[in-house]
1. Just subtract the alpha-carbon distance of Ser204 and Ile353 from 0.36 nm times their residue separation and send over the number in nm, one decimal.
2. Mind checking the angle between helix 258-268 and the chain's longest principal axis? C-alpha axes, 0 to 90 degrees, to the nearest 10.
3. Given Ala262, Ile369, Phe194, which one lies farthest toward the positive end of the charge dipole of the chain, if we put +1 on the Cβ of every Lys and Arg and -1 on the Cβ of every Asp and Glu?
4. For segment 1-95, which GluC sites (Glu not before Pro) are both in a DSSP coil and crowded by at most 15 other Cβ atoms within 10 Å?
5. Show me the trypsin sites (Lys or Arg not before Pro) within segment 1-108 that DSSP assigns to loop and that have at most 12 other Cβ atoms within 10 Å of their Cβ.
6. Distance between the C-alpha centers of segment 13-84 and segment 225-304? Whole Å please.
7. Roll a 1.4 angstrom probe over the protein heavy atoms and tell me the percent of accessible area of the chain that is carbon or sulfur.
8. Is there a quick way to get the dipole size of segment 27-94? I mean about its Cα centre, with the Cβ of Lys and Arg at +1 and of Asp and Glu at -1; what is the value in debye to the nearest 20?
Amino acid sequence: MKNLKTLKEADVRGKKVLLRVAYDITLQKKDGQMIVPDDARIRATIPTIEYLLGQGCSLGLLSWLKRPGGQVVEDMRMRPVAERLAKLLGKPVKTVLDCVGPEVQDVVANMQPGDIVMLENVRFHPEEEKADGTFAKELTAGFDLIVYDAFAQAHRIHSSTTGILEHLPSCAGLLFEKEITTLSHLLENPDRPFIAVMGGAKISDRVDVMQNLIELADKILIGGALANTFFAAKGMAVEKSLVEDVYVNAAKGEKQDYQEIARKLMEKGAEKIKLPIDMLSAPSPEGEVKVINVDQGEALPKNWAYFDIGPRTIALYNQILKDSKMVFANGPMGLFEQEQFAGGTKEVAESIIRSGATSVIGGGDTESIVARYGWEGKFTHVSTGGGASLEFLGCREFPVMKYLTK
Ligand code: 3PG
């Protein structure tokens, strides 16, 4: 992206930097302690941190973690994240018990070049999600400049996103720049054939991006529970399969019928959208498995559900992916957490890797799948932002962008 205010162009030497990171990590409890099971999001920010340290900066790191609802939740503190970062960097990372207030201001005032302080989870304050301006200003107290590296948290209007950027000069961090540059390439000038692989549970998060991909991509391969909405839209019985309900917000007078949306997408993208031709089904995730050839009109047994794409679909998708030059993949093809339904996700991912195409994958589950199967480094780019990458590819302008562009 041409007009992004980049870190390398900014004069950051010796500055006190408020480094906005997206460490929204699902922590796990082990022997009574919270631990970081997957540090991909922390590792992704190391280049920015090392660059800033090399410039003699001192750093205050700010993020939210999960949804504590505006109050302190002990299991959602940033300390385990700080400890993992310290280990990765091989240097101390100080923690504080808040992200604003006198203790924090004192620590920030006394930061020396090379010091790193992890501020506490910003969502412990109810002001954060209200985008309270006074709170945003407090968050910036004592800092000279903001380096915004929180791609995964760029699609929200909160005090710690757009709010802080009102109060200090800013630029994008190296991770943010890499995410935006890669996704922009996909939007503006994809290598062809460009194949999109869409899975996961919900169509609601993916409506805009699918509208866009129908224009942009050469083919869209559907899997996961997302496929069920398309089957239902075609009038096929999906029994107990996971299908997203009609969304109704009576108070706001809003209604979204996802099957209707799927029908429209199929009309518009008749040539491009590929649905599974067979599915793995079972009465429950642990139950006996049966292949249903959906393209031959085979019916799903009463009260059974679809849990993965079937072998013929895998072969079909592999064939299409073999010649691809660019792939965007989002969401698993089946219930991969259950070994007997991990095949679709594994095989499709492996065929993306084998194709040698420029591959961009994203989505919360996608990151954990990469870690689970040891696929680090096999894809061109693994986006750190699930919701954010979908919004970006759905052409929704990130609210922070107006501050981070020239
Ligand atoms: C992410 O990791 O995708 C974001 O931190 C999620 O933020 P949300 O809780 O506002 O969806």
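1. 50.9 nm
2. That helix lies at roughly 70 degrees to the long axis.
3. Comparing the listed Cα positions along the dipole, Phe194 ranks first.
4. Taking segment 1-95 and a limit of 15 other Cβ atoms within 10 Å, the loop GluC sites (Glu not before Pro) found are Glu9.
5. Within segment 1-108, the qualifying trypsin sites (Lys or Arg not before Pro) (loop, at most 12 other Cβ atoms within 10 Å) are Lys2, Lys8, Arg13.
6. Between the Cα centres of segment 13-84 and segment 225-304 lies a distance of 39 Å.
7. 48 percent
8. In debye, rounded to 20, segment 27-94 gives about 60.
The values are calculated or read from the model by the stated rules, or taken from the named source; none is laboratory data. It should be emphasised that the depicted structure is a prediction, and the values quoted were computed from it without experimental measurement. Neighbour counts run over all protein chains shown; Cβ positions are idealised from the backbone, glycine included. Side chains included, ligands, DNA and RNA excluded: accessible areas come from the protein's heavy atoms. Shrake-Rupley method; radii C 1.70, N 1.55, O 1.52, S 1.80 Å.
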